[in-house]
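Undergrad: The structure's right below; bear with me while I get my questions together.
The values are calculated or read from the model by the stated rules, or taken from the named source; none is laboratory data. Remember, it's a predicted structure, so these values are computed and weren't measured experimentally. Every residue, glycine as well, gets a Cβ built from its backbone with ideal geometry; the counts of neighbours run over all protein chains shown. Each accessible area value is taken on the protein alone, full model and side chains, heavy atoms only, with ligands, DNA and RNA left out. Shrake-Rupley method; radii C 1.70, N 1.55, O 1.52, S 1.80 Å.
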Amino acid sequence: MSKKLHIKTFGCQMNVYDSQRMTDVLGPLGYETVDEPNDADMVILNTCHIREKATEKVFSDLGRLKKHKTKRAAQGKSTIIAVAGCVAQAAGKEITRRAPYVDMVFGPQTYHRLPEMVARATRAGGGVLDLEFPAEAKFDHLPAPRSEGETSAFISVQEGCDKFCTYCVVPYTRGAEFSRPVESILDDVKTLASEGVREINLLGQNVNAFHGTSAQGGTLGLGDLIREVATVNGIERIRYITSHPADMDDSLITAHGEVPQLMPFLHLPIQSGADPILRAMNRGHSAQEYRETIARLKEVQPNLALSSDFIIGFPGETDKDFENTMALIQEMKFIQAYSFKFSPRPGTPAVTMENQVEEKVKSERLTLLQDLLGQIQVEFNNACVGKTFPVLLDREGRDEGQLVGRSPYMQPVHVTAPTSLKGEIIDLKITDSFTNSLSGVQLNPDKTANLTVGASA
Ligand code: SAH
Ligand code: SF4
Ligand code: F3S
């Protein structure tokens, strides 16, 4: 009998990926995913611990889920409530104490054991806590990924982090840096390509620290992994996320000039443009070194555009430091960015640092920074008008006869085009720009339509 599963995902792309894999693991047990928690037999909160608010949201959701479980119990139905992900890993015991109605608590490294956990929770009526970093690799126990009809797919290639930036919980919640073997990644790429996937996003907390063992012996870095992925039939676009500036090695930089499928858009978080702050954050590079890395990338790929993450109001950040961050943004012209106020996380060194920045100052600086980033984004979008971009048309738009795709720079592009072009990469001339998207027209609509019909007939 089919059971209903609802997963609510918080946090980063890695959590989105993990949630997808949890549905793959639970499918054979009869669980079908539903979009709403109402009436679900199992609800999993896949949580994020990166900032304070993320944790608060989990506890308020749990309060609501308790009511859901009580209501169903009155109707004679049982409900499994689970907390997964980084809050589970960091505060698993606190969760079982504060919310004893939660049946299963497990971290990011053990969800391949879900069938066993579900069996235990059902038998014993809850109380399963699995926060290990098991020796057996999770990936060896997960089913092969499926495209689900999508033309763009994420593949996790690396997990965990050894960098220990002084503000960050990831090394504690995700554990030590780990890279998957190259062959097993390529198997996933081939499976997905054979199902029609055209774009591969290589995923990792610190993806360019990748050093997977190769079948030929030795290890490959991310640059060489990208070269391998590019040889798989059908793969027309490659991206990777998230990278660390100190791990941009020669092989990865030159790949940007050599591999045509590698998109000219790079998310390379810098966090701050001020050296004293970068040092206090333990980022392992200066602002100048970041500039030099970008210069080398642009030498091999002049069309490269950048995005970044920023932390505002890190302890000790002065007005001058903040000005340096603003100046770096102007100089680098980040076309997209995530920016957050510094959030002190329990157990990290930055919590006890001197000269914590007042909340009011953090807010003022964040507003200035986001205004500037917004302005640059609009300027970039406007400058795209008149250009021709290959666009991967991956979904139907809201309006009748409309498709939406992604430009090489991840901008959503709207176009009037036949549904038969869904899943294709089509050259579009950009005709209009908006704050967060573009619209375009097909260059040779008749020719493309005929070609596509001919090709699929
Ligand atoms: N590995 C990536 C980032 C992973 S965390 C890197 O090194 O860039 C994603 C983003 O969350 C970070 O880039 C940072 O901008 C933000 N972040 C992490 N810890 C934070 C904290 N304590 N307060 C505010 N933002 C934080
Ligand atoms: Fe966190 Fe730094 Fe590791 Fe990124 S590199 S995950 S910010 S510790
Ligand atoms: Fe959050 Fe964990 Fe990702 S803390 S950002 S879900 S690695």
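Undergrad: Would you pick out the residues in region 52-100 that are touching a Cys at 6+ places or on another chain (Cβ under 9 Å), of a type outside the set (A, V, I, L, M) and either farther than 30 Å from VAL351 by Cα or open to solvent by less than 20 Å² (accessible area, probe 1.4 Å) (or both)?
TA: Those that are touching a Cys at 6+ places or on another chain (Cβ under 9 Å), of a type outside the set (A, V, I, L, M) and either farther than 30 Å from VAL351 by Cα or open to solvent by less than 20 Å² (accessible area, probe 1.4 Å) (or both): GLY85, CYS86.
Undergrad: Determine whether PHE133 is open to solvent by 50 Å² or more (accessible area, probe 1.4 Å) and within 20 Å of the chain's Cα centre (by Cα).
TA: No, not satisfied.
Undergrad: Then there is this: Do we have ASP162 as more than 16 Å from ligand 2 (Cβ to nearest atom) and surrounded by fewer than 21 Cβ atoms within 10 Å (Cβ to Cβ) here?
TA: No, not satisfied.
Undergrad: Would you check which residues across region 172-202 are in a helix (DSSP H, G or I), closer than 28 Å to PHE342 by Cα and open to solvent by less than 10 Å² (accessible area, probe 1.4 Å) and list them?
TA: Listed by number, the list holds a single entry, THR173.
Undergrad: Any residue at all in region 105-112 that is free of Cβ contacts under 8 Å to residues at least 12 places away in the same chain and not polar (S, T, N, Q)?
TA: no
Undergrad: Looking at the structure I just gave you, is THR9 in contact with a helix residue (DSSP H, G or I) (Cβ under 7 Å, 6 or more places away or on another chain), within 16 Å of ligand 1 (Cβ to nearest atom) and under 19 Å from ARG146 (Cβ atoms)?
TA: For THR9, the condition - in contact with a helix residue (DSSP H, G or I) (Cβ under 7 Å, 6 or more places away or on another chain), within 16 Å of ligand 1 (Cβ to nearest atom) and under 19 Å from ARG146 (Cβ atoms) - is met.
Residue-by-condition table, conditions (1) more than 24 Å from the chain's Cα centre (by Cα); (2) assigned to a helix (DSSP H, G or I); (3) assigned by TED's automatic domain parsing to the domain that holds LEU203:
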| residue | (1), (2), (3) |
| --- | --- |
| ARG279 | yes, yes, no |
| ASN282 | no, no, no |
| ASN303 | no, no, no |
| ILE311 | no, no, no |
| GLU317 | yes, no, no |
| ASN324 | yes, yes, no |
| ALA327 | yes, yes, no |
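Undergrad: State all residues of region 22-51 that are open to solvent by less than 10 Å² (accessible area, probe 1.4 Å) and touching a residue at least 40 places away in the same chain (Cβ under 8 Å); if no residue qualifies, say none.
TA: Listed by number, the residues that qualify are MET22, LEU26, MET42, ILE44, LEU45, THR47.
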